[in-house]
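Notes follow once the structure below has been shown.
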Amino acid sequence: MNERHVGAPGQVKEVTSLANPLIKDIKALALKKFRDQQNAFMAEGLKLVIDALDLGWQIRTLVFAKAGRGNPAVEKVAARTVAAGGTVLEVSEKVLVAITRRDNPQMVVGVFSQRFLALRDIRADNGDVWVALDRVRDPGNLGTVIRTVDAVGAKGVILVGDTTDPFSVETVRATMGSIFAVPVAKATAEAFLAWRGGFSGLVAGTHLKGAVDYRSVDFSRGPVLLMMGNEQQGLPESLAASCDRLLRIPQAGRADSLNLAVATGIMLFEIRRGALKLEPIADQQ
């Protein structure tokens, strides 16, 4: 393994072997067991890595393809990584393909420390919106919800019960970088219900038994907690019973339910419209 200097103040290690222990550790992050052991996860793409650094996330390792050598943006990120105490690896395309499990991988990959928000530290103020997801199973759904939470300016996501990992490669990809901007908390159903008891705002959940049209609710007073159920089963009775309102999204076709991420997106934009009293934006000529 060779070393060369990358500007000040750092140096880069060149790696071409898949047997390198550093590469083995990064590849292992594809499995939750090792993500938990290392308390780490992987994010792909130069923009995502820059965003994460700008938002104060701790970078452990920066990996970039040989094609990135001499790229000013890559060199700058490499210097920032070293300054933050991280390791910088310049790798062959073969190594990058093995790390990302993609035939056409991004030029840059970052390994970051995981970060969860403690449930007890959530303080919901007027205008705040939080989303609680019960036992969400699909990483694409979770990633899309996190991305949508970011898009509407909601405050964060609470994962309830046994959910998919927010730091899996698939979830992180689906967030398109929003994993770094959206706080994520996790809790058992019991701990969540205890916390919900102290939530001062409106708690609304979508439910097949919901009698209230989601468009008829006033979301403009106080904070809002939106509860969304598992993809297959919806909200369990214990969580449904804790809602102030059980809402329905009317459907005109033969489908009797919506995809979780789609339903959450519909609800979040309606809550945003109601809370902010937004007027439609006129088309610009």
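Coordinate-derived values only; no laboratory data. Everything quoted here is computed from the prediction, not taken from an experiment. Counting neighbours? That spans all protein chains shown, and the Cβs are built from the backbone with ideal geometry, glycine included.
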Report task. Tell me, rounded to the nearest percent, the portion of alpha carbon pairs in region 2-113 spaced more than 23 Å apart. Result -> 19
Requested in this report: Kindly work out what percent of the DSSP beta bridges joining two residues of region 10-114 are antiparallel, to the nearest 5.
Outcome: 55
Query raised in the report: Which percent, to the nearest 5, of DSSP beta bridges fully inside the chain are antiparallel?
Result: 35
Report summary line: residue 176 and residue 114 label points (each 7 Å along its Cα→Cβ direction) are spaced in nm at 2.6
Requested in this report: Take the Cβ-Cβ distance between residue 37 and residue 194 as r, set R0 to 22 Å, and report the resulting FRET efficiency rounded to the nearest 0.05.
Outcome: 0.15
**Report entry** Phi-based couplings in Hz for region 97-108 (Karplus 6.51, -1.76, 1.60; Gly and Pro marked x)
**Finding:** 4, 5, 5, 8, 6, 10, 6, 10, x, 5, 6, 10
Query - Value of [θ]222 nm, deg cm²/dmol, for the chain, DSSP H segments ≥ 4, -39500 (n - 2.57) each, nearest 500 - result: -9500 deg cm²/dmol
Report task. Name the aspartates and glutamates eligible as straight-distance cross-link partners of residue 209: C-alpha to C-alpha under 19 Å, and not fewer than 8 places from it in the same chain. Result -> 134, 231, 237, 244, 256
Query raised in the report: Given the alpha-carbon gyration tensor of the chain, what are the semi-axes of its equivalent ellipsoid in whole angstrom, ordered largest first, with each equal to the square root of 5 times an eigenvalue?
Result: 40, 19, 17
Requested in this report: Treat the count of other C-beta atoms within 10 Å as a stand-in for reagent exposure and order 121, 138 from fewest to most.
Outcome: 121, 138
Report summary line: Long-range amide H partners of residue 87, meaning residues 5 or more apart or on another chain whose placed amide H is closer than 5 Å, are 61, 62
Report summary line: Neighbour-count ranking for 199, 64 (other C-beta within 10 angstrom, fewest to most) reads 199, 64
Requested in this report: Could you tell me the convex hull volume per residue, in Å³, taken over the Cα atoms of region 119-276?
Outcome: 105
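Please give the contour-minus-distance gain from residue 71 to residue 84: 0.36 nm per residue of separation, less the Cα-Cα distance, rounded to one decimal in nm.
Full extension from residue 71 to residue 84 adds 2.7 nm.
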Report summary line: Answer in debye to the nearest 20: the dipole magnitude of the chain about its Cα centre, from +1 Lys/Arg and -1 Asp/Glu charges placed on Cβ, is 400
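If R₀ is 35 angstrom, what is the calculated FRET efficiency for the pair residue 47 and residue 22, using the beta carbon separation as r and rounding to 0.05?
That gives a FRET efficiency of 0.90.
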Query raised in the report: If we count other beta carbons within 10 Å of each Cβ, what is the order of 22, 62, fewest first?
Result: 22, 62
Query raised in the report: lysines within cross-link reach of residue 24: Cα-Cα under 29 Å, excluding same-chain residues under 8 positions apart?
Result: 13, 32, 33, 47, 66, 76, 94, 186
Query raised in the report: Over the C-alpha atoms of region 103-195, what are the Rg and the largest Cα-to-Cα span, Dmax, in Å?
Result: 13.6, 47
Report task. Please work out how much length the chain gains when fully extended from residue 101 to residue 13, using 0.36 nm per residue of separation minus the C-alpha to C-alpha distance, in nm with one decimal. Result -> 29.5 nm
